[in-house]
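Just below is one structure, and these are the notes that go with it.
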Amino acid sequence: MAKRDYYEVLGVNRDASEEDLKKSYRRLAMKWHPDRNPENPKAEEHFKEAKEAYEVLADANKRAAYDQFGHAGIEQHVGGGAGAGFGDIFSDIFGEIFGAGRGGRSTVFRGADLRYNLEITLEQAAHGFDTKIRIPGTATCESCKGTGARPGTHAATCPTCRGAGQVRVSQGPFSIAQTCPRCHGSGSVIPNPCTVCSGSGRVKLQKTLSVRIPPGVDEGDRVRLSGEGEPGVNGGPAGDLYLQVHIKPHPVFTRDHDDLHCEMPISITTAALGGEISIPTLDGSAKIRVSAETQTGKVFRLRAKGIKGVRSQAPGDLFCHVVVETPVSLTERQRQLLREFESISLQDSARHHPRAKGWLDKVKEFFEG
C-alpha cells in the first residue's frame, strides 16, 4: 500500500513551522500510543506512521529532499525507521522536562539570582545616594582560556553517555532520555582539570559595582541590578543581583512608612507656662510653640516633614510626642521652692491638678462601690 503524504499524516500545511510539526506530532503520539489503545489493532500502525512522518519533516535535510522528490528522496535515510522502539518518540516529547533535548544538546540555564544586604542610614534612605559595593563574581580562567582543561590537554568524550549528552532511563513501558549525570549534557569530561580553576573554566574574583539608591526606600525594599547575578550555564543569561535594604536605628526618629515619629522632652516650667522650642527634622530644625498647661502624650504634627516614599506622591508628616521631664539632681534651694510650690498648689488641688482629682474620685468610687 502506498504511503500517505507526511504532511497529511501530521495534519499540517506544507509551510508548517518546526513548532507546528512538534505540536501535531505530540498530539498524535499521545492519541495513538498502543498502551493507550489496547483494543484498537490499528493504533500501532497510526503511531508508527506519525513517528516516521515527524522524523522526516523535523530534519531540515530530509524535509528538503522529501519536498523535492517525495518518498523516493528520503528512502535511504529513513530505511526501517518506522520500526524503531516506542521510547524514541517520547524522548523528544519529555526530553525538555528532564533537562535534555534531542541530539545530546546541553541545556541552557539562567544564572542564579544573588542577594546583597545593604545597611543604610535613615537620612540616606530619605534622600537617596550613590554608593559602591563589592561582591564576589567569576571570570574566564586565563590559564585554560575557559576550557577547564590543563594547558596542553583537551576534554575527552564522556564514557557514560559516549558523547551524546544524555542517557536513557526506563520509566515503565517508556525509555526516557535525560541529561547525563556525569557530563551534565556537554558530552565531554575533563581528565586533567586546570589547576587554577579546578576544571570549572572560571575563577572567583571581587567586582565593584556603582549603585544608585533612590530616595524614599524603606526597610525590606529591594533594588534590582539586572544581569549582575551568577553567570548562566551553557550560554544562558546571567541572573540578577538584589540589594536588600536595611535601615539602621536612628537616635531621634522612628519611621512608619512615610511618617516619622520622635519624642520631645520638655521641662515642667515649659509644660506649665508654655514656650517655643526647637526640634530637629531631616531637613534641619523647626520651631514649635508649646501652649501653656501641655501634658505628657500631646502630639504635635509637622506636615510634609516626613519622608517621600519611592511610590508616594507627597512626603509624610513628622509627629512629635511630648514627654514632660521631671527634674533630677535637685539642689537644696530647688527642693525648698518645690515644697513651697506644692504647698500653695494643695490649697486648691482640684483646680491645679484636675487629672489627679479625677483619678482619686474614680479610685474612691471603686472601693466604695
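The values are calculated or read from the model by the stated rules, or taken from the named source; none is laboratory data. Just so we're clear, the structure is a prediction, and the values are computed from it rather than from any experiment. Note that each Cβ is placed from the backbone with ideal geometry, even for glycine, and that neighbours are counted across all protein chains shown. Heads up: the accessible areas ignore ligands, DNA and RNA and are worked out on the full protein's heavy atoms, side chains in. Shrake-Rupley method; radii C 1.70, N 1.55, O 1.52, S 1.80 Å.
Of the residues making up region 148-168, those that are assigned to a loop (DSSP other than H, G, I, E, B) and in contact with a helix residue (DSSP H, G or I) (Cβ under 6 Å, 6 or more places away or on another chain) are ALA164, GLY165. Screening ILE97 against (1) open to solvent by 70 Å² or more (accessible area, probe 1.4 Å); (2) at pLDDT 85 or above; (3) among the aliphatic types (A, V, I, L, M) leaves a single unmet condition, (2).
Could you go through region 189-201 and let me know if any residue there is more than 19 Å from the chain's Cα centre (by Cα), surrounded by fewer than 16 Cβ atoms within 10 Å (Cβ to Cβ) and closer than 29 Å to GLY128 by Cα. No, every residue in region 189-201 fails to be more than 19 Å from the chain's Cα centre (by Cα), surrounded by fewer than 16 Cβ atoms within 10 Å (Cβ to Cβ) and closer than 29 Å to GLY128 by Cα.
With respect to PHE69, determine if the residue is at pLDDT below 80 and either open to solvent by less than 20 Å² (accessible area, probe 1.4 Å) or within 31 Å of the chain's Cα centre (by Cα) (or both). No, not satisfied. The residue that is most open to solvent (accessible area, probe 1.4 Å), counting only those in region 216-232 that are within 30 Å of ILE307 (Cα to Cα) and in contact with a Gly (Cβ under 9 Å, 6 or more places away or on another chain), is GLU228. The set of residues from region 122-144 being at pLDDT below 85 and either within 22 Å of the chain's Cα centre (by Cα) or closer than 16 Å to VAL245 by Cα (or both) comprises PRO136, GLY137, THR138.
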